[in-house]
Amino acid sequence: MCGVIGIIGPEEIGGRGVSCAAAYDAYRGLLALQHRGQDAAGILSYDNVSRMFAMEKDLGLVANVFSQQKIEKLNGYMAIGHTRYATAGSDGKRDIQPMVEGIPFGLGMVHNGNTLNYYSLKNQLSDDFRRQLLTGNDLEVLIHYFGHFLMNGQPMPTESTFSFENIKQAAGQMFDTVIGGYAVLGLMAGQGLVAFRDPKGIRPLALGVRENEDGTKVWILASETIAMTYLGYKYLRDVEPGEVIYIDTKGNFQSAIVRKDPERAQCFFEWVYFSGAESAIDHHPVYGVRLKFGERLGMKARAAIEAAEICPDVVMPVPDTSRTAAISVADSLKLPYREGLIKNRYVARSFILSNQDKRDHAVELKLSPIVGEIEGKSIFLVDDSIVRGTTSKRIVSLLKKYGAKEVTLGITCPPIRHPCFYGIDFPDSADLLAHDKTAEQLAEFIGVKKVIYLDEEDMRAAIGIQKLCMACVDKKYPTAVAEGELYSRERKKARAAS
Ligand code: SF4
């Protein structure tokens, strides 16, 4: 999971009179998207006056990567930015986005997602096109292919021969070639900003605009609407699956759906966990959906109470994502809502390393108990998901250590049983706690009285969309996945070695 943002507008965006205004908006947008990835961040801008790209990127949080001095060097009226959660390639500096290639035009890109047929495409690049890759990130492969398709075996398109037709045809070939879930933003030197989203719409991408007083428009594309509203842009709509958008340097907006796939497969986990509560996906607000998750979980909890299986005194969230649903569970059960665990905001993400021992330790570093709210209580604990299960087990043991009489665990998602190949770090089936366990076995492992899950129909009804990707739950992958399994194995090896 990563966050992407792209901005293009008139020379002085919003009349601010600063030449780095596009990069500045990209920077502030990345701050709003920080929850989508904390491993690294970067911004690429293009300046039409000097005809040069400028780029800053590094490992770490957005606020640590950029300073005012660095932003001021990112001149130009168009910029793209990225905040990274590494699920492909290495975790090191080599694989940070954005990435740039010199031909054709000069092409810079960022993306959110994964290319499942990365190894085949990489081999083809080297064997047939004689290209040497310099990184282990699939984005580099996407840049090479998009550039190749733009040229379409012809001499370089010139100012007069280049048009949206070239971009549509290149995007169509990308959709036919690249298997996976991806939302891509690109800067084409001296030309404009291009955006496209995989034909199933697995990864999100939204479009917005801000009108200046002089009638000119500044366009924004971002993984989440929170990045738009925060910056004063108006959210217009989501980019359609299989759609390509091109906004040229004169501000002309063009779009086309070049591959229409009736089987849309938006990732349901965006509403469960990834997206910020302030965002909306396809105009379905994340906060409102999480309230509905809570209502449905409340109905299931009520049935367990009526069957005398559980007898909770309070409803308590695992902070922060589950808070919204927990409020709704408490309302529907007419039980008090209590905060018993407080998240320490000052524990850096960098404390959470890949190996399991460090993960265990991280739970205690991150959550502090309010003993008075825990002691002697029978707690209905609400969490968004169980992946490896270690975090849930640690939290329950923390609650018991501070005197909880009994804990029931309510999960606002069905059991995660299968790996994700589309840019989410759900590991091998073998690492997923629910993969081979019943709800009873899970409860025993985690140390709770009962685990209550939402089911797939609850998710579809609460989200209000029937066609969703839920492959990590039902194993119905929206694309071929044979190569994705190889990709995951390689990724696991790389992580173990790092
Ligand atoms: S497999 Fe799961 S996490 Fe991955 S894209 Fe599909 S729904 Fe989202």
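A few remarks follow.
- Close Cβ contacts (under 8 Å, 6 or more residues apart or on different chains) running from residues in the stretch 424-435 that are assigned by TED's automatic domain parsing to the domain that holds M470 and free of Cβ contacts under 8 Å to residues at least 40 places away in the same chain to residues that are away from the ligand (no atom under 11 Å from the Cβ) and among the polar types (S, T, N, Q) comprise H435/S429.
Every residue, every condition in (1) assigned to a loop (DSSP other than H, G, I, E, B); (2) modelled with pLDDT of 95 or more; (3) over 26 Å from L333 (Cα atoms); (4) within 16 Å of the ligand (Cβ to nearest atom), yes or no:
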site	(1), (2), (3), (4)
S397	no, no, no, no
P427	yes, no, yes, yes
I452	no, yes, no, no
E490	no, no, yes, no
A494	no, no, yes, no
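- Test: residue in the stretch 401-415 that is modelled with pLDDT under 90 and either more than 14 Å from the ligand (Cβ to nearest atom) or charged (D, E, K, R) (or both): no
- Flag if D47 is in the same structural domain as L139 (by TED's automatic domain parsing) and surrounded by fewer than 24 Cβ atoms within 10 Å (Cβ to Cβ): yes
- Failed criterion for H418 (all others in (1) in a helix (DSSP H, G or I); (2) within 16 Å of the ligand (Cβ to nearest atom); (3) at pLDDT below 95 hold): (1)
- Where helices (runs of 4 or more DSSP H) fall entirely within the stretch 1-76, those with at least 1 residues that are polar (S, T, N, Q), at pLDDT 90 or above and more than 21 Å from E211 (Cβ to Cβ) are at 62-65, 68-72.
- Scoring L236 on the criteria (1) part of a strand (DSSP E or B); (2) within 14 Å of the ligand (Cβ to nearest atom) leaves a single failure, condition (2).
Each row is one residue, and each column tells you yes or no for (1) surrounded by fewer than 24 Cβ atoms within 10 Å (Cβ to Cβ); (2) of a type outside the set (G, A, S); (3) modelled with pLDDT under 95.
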site: A206; (1), (2), (3): no, no, no
site: L221; (1), (2), (3): no, yes, no
site: L236; (1), (2), (3): yes, yes, no
site: V239; (1), (2), (3): yes, yes, no
site: I245; (1), (2), (3): no, yes, no
site: G251; (1), (2), (3): yes, no, yes
site: Q254; (1), (2), (3): yes, yes, no
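- Selection count where residues are surrounded by 19 or more Cβ atoms within 10 Å (Cβ to Cβ) and outside any loop (DSSP other than H, G, I, E, B), scope the stretch 77-106: 9
- Residue within the stretch 199-219 that is within 30 Å of R51 (Cβ to Cβ), within 16 Å of the ligand (Cβ to nearest atom) and not assigned by TED's automatic domain parsing to the domain that holds I463 present: yes
- Failed criterion for K260 (all others in (1) within 24 Å of the chain's Cα centre (by Cα); (2) free of Cβ contacts under 8 Å to residues at least 40 places away in the same chain; (3) farther than 30 Å from A330 by Cβ; (4) not in a strand (DSSP E or B) hold): (2)
- Residues that are assigned to a loop (DSSP other than H, G, I, E, B) and at pLDDT 95 or above were ranked within the stretch 263-274; the one that is farthest from the ligand (Cβ to nearest atom) is A265.
- Screening the candidates A471, A434 for the property of being within 15 Å of the ligand (Cβ to nearest atom) and touching a Leu at 6+ places or on another chain (Cβ under 7 Å) yields one hit, A434.
- Number of the exception - G172 against (1) away from the ligand (no atom under 16 Å from the Cβ); (2) in a strand (DSSP E or B); (3) of a type in the set (G, A, S): (2)
The values are calculated or read from the model by the stated rules, or taken from the named source; none is laboratory data. Note that the structure is predicted; figures quoted are calculated from it, not measured. Neighbour counts are summed over all protein chains in view; Cβ atoms, including those assigned to glycine, are modelled from backbone coordinates with ideal geometry.
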